Every structure is written in C-alpha cells, then in structure tokens.
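Shown next, in structure tokens, is the structure this report addresses.
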C-alpha cells in the first residue's frame, strides 16, 4: 500500500473531526492492520479486532471480544457509540 507523504488514516480522522466539528476526544476508530495504526493512535478510542496481530493490538486501547468476521465492529458501535459509559478508554492527555 502506497500513500503520499503526510497522508494517513490518522490525519483523515483529525480532518474529518474538524470538518464535522466533532471533538477529537469523541472519536472512535476501528482497525486490524498495519495501515490502521495512525488512526488507532489518533482516535480517543482505538478499537482493535481480536484477530489482529499483536503488534497492531499495542496501538489500541480497546481489544474486541469478537473478531472482524464475527461482528467485532458491531461490538464497538454498541459499546462506544450506542451505549457510551464513563468507562470509555481514553488516551493520556485527553
């Protein structure tokens, strides 16, 4: 996968939050691969699928119970978007 310098999913999250006037601390990202690392590091909640490689899991602050073939994204939506709680993991400094 090739991208231009300075282009990443993390920058896309920042840009989208700015356009939609959503505080970055209210952002949720879901990923499972190396190209998702910047996005997982940027979002307030970086949810990683349970079947992702361990080096990818290190970049998340939430690991799903389900994998991406068994409703892992739905788990994240239910937990952090439809039923958010005070227990939502946050990055330090947020």
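The values are calculated or read from the model by the stated rules, or taken from the named source; none is laboratory data. None of these values were measured; they are calculated from a predicted model. Neighbour counts are summed over all protein chains in view; Cβ atoms, including those assigned to glycine, are modelled from backbone coordinates with ideal geometry.
When the residues of region 66-83 are narrowed to those that are out of contact with any strand residue (DSSP E or B) (no Cβ under 7 Å at 6 or more places or on another chain) and loosely packed, with under 13 Cβ neighbours inside 10 Å, which ends up modelled with the highest pLDDT?
The qualifying residue modelled with the highest pLDDT is 74.
Being without any contact (Cβ under 8 Å) to a residue 12 or more places away in the chain and surrounded by 13 or more Cβ atoms within 10 Å (Cβ to Cβ) is a property that residue 50 lacks.
Of everything in region 1-18 that is free of Cβ contacts under 8 Å to residues at least 24 places away in the same chain and assigned to a helix (DSSP H, G or I), the residue that is farthest from residue 37 (Cα to Cα) is 18.
Could you list all residues from region 53-84 that are outside any helix (DSSP H, G or I), more than 23 Å from residue 8 (Cα to Cα) and free of Cβ contacts under 8 Å to residues at least 12 places away in the same chain? Matches in region 53-84: 70, 71, 83, 84. Would region 37-44 turn up any residue that is crowded, with 20+ Cβ neighbours inside 10 Å, free of Cβ contacts under 8 Å to residues at least 60 places away in the same chain and outside any helix (DSSP H, G or I)? Yes, there is a match, as at least one residue in region 37-44 is crowded, with 20+ Cβ neighbours inside 10 Å, free of Cβ contacts under 8 Å to residues at least 60 places away in the same chain and outside any helix (DSSP H, G or I). Only residues that are surrounded by fewer than 17 Cβ atoms within 10 Å (Cβ to Cβ) and closer than 18 Å to residue 24 by Cα were counted in region 53-65, giving 0. For region 17-35, residues that are within 21 Å of residue 1 (Cα to Cα) and either out of contact with any helix residue (DSSP H, G or I) (no Cβ under 6 Å at 6 or more places or on another chain) or surrounded by fewer than 20 Cβ atoms within 10 Å (Cβ to Cβ) (or both) total 4. Which ones in region 1-16 are in contact with a helix residue (DSSP H, G or I) (Cβ under 8 Å, 6 or more places away or on another chain) and either surrounded by 12 or more Cβ atoms within 10 Å (Cβ to Cβ) or closer than 19 Å to residue 81 by Cβ (or both)? Within region 1-16, 8, 9, 10, 11, 12, 13, 14 qualify.
Exactly one residue out of 32, 21 is under 21 Å from residue 10 (Cα atoms), at pLDDT 95 or above and out of contact with any strand residue (DSSP E or B) (no Cβ under 8 Å at 6 or more places or on another chain), and it is 21.
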